[in-house]
1. Can you work out the Karplus-derived ³J(HN,Hα) for every residue in the range 38-50? Use 6.51 cos²θ - 1.76 cosθ + 1.60 with θ = phi - 60°, whole Hz, and x for glycine or proline.
2. Extension gain A28-A40, at 0.36 nm per residue separation less the Cα-Cα distance, in nm?
3. Which of the peptides 22-31, 48-57, 35-44 is most tightly packed, and how do the rest follow, going by the mean number of other Cβ atoms within 10 Å of each residue?
Amino acid sequence: MTVKFSLLLIPLAFALAGCLENNTQRAAAGAVGGAVLSGAVGASPVTGAVIGAGVGYFCNDLNLPGCTNR
């Protein structure tokens with residue numbers, strides 16, 4: 001997988017984040033997405049999972065678009 005292809009997945013991740021209803025679901029999705037994307041670009045999947053989980057959990061607090069509790 002190339003970096004360009006990985007960057008195309010970012011809008012998809014934001015679109016999916018809007019479908020999740022709470023911080024725990026978004027953290028789990030962020031962890032999986034972060035691990036997959038970081039592994040695809042040759043970085044550590046564990047680090048990607050930790051960062052992705054953090055972003056998923058706190059995206060509502062950071063007022064990211066499409067990331068609200070229902």
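1. Using θ = phi - 60°, the values come out as 5, x, 5, 9, x, 8, 6, x, 5, 4, x, 5, 5 Hz.
2. Details: separation 12, 0.36 × 12 = 4.32 nm, distance 1.84 nm.
Here the segment from A28 to A40 would lengthen by 2.5 nm.
3. Working: 22-31: 18.1, 48-57: 20.0, 35-44: 15.9.
Result, highest mean Cβ count within 10 Å first: 48-57, 22-31, 35-44.
Each reported figure results from applying straightforward, stated rules to the coordinates on display, with no laboratory input. A quick note: this is a predicted structure, and the numbers were derived from the prediction, not measured. Cβ: placed from backbone, ideal geometry, glycine included. Neighbour counts: every protein chain shown.
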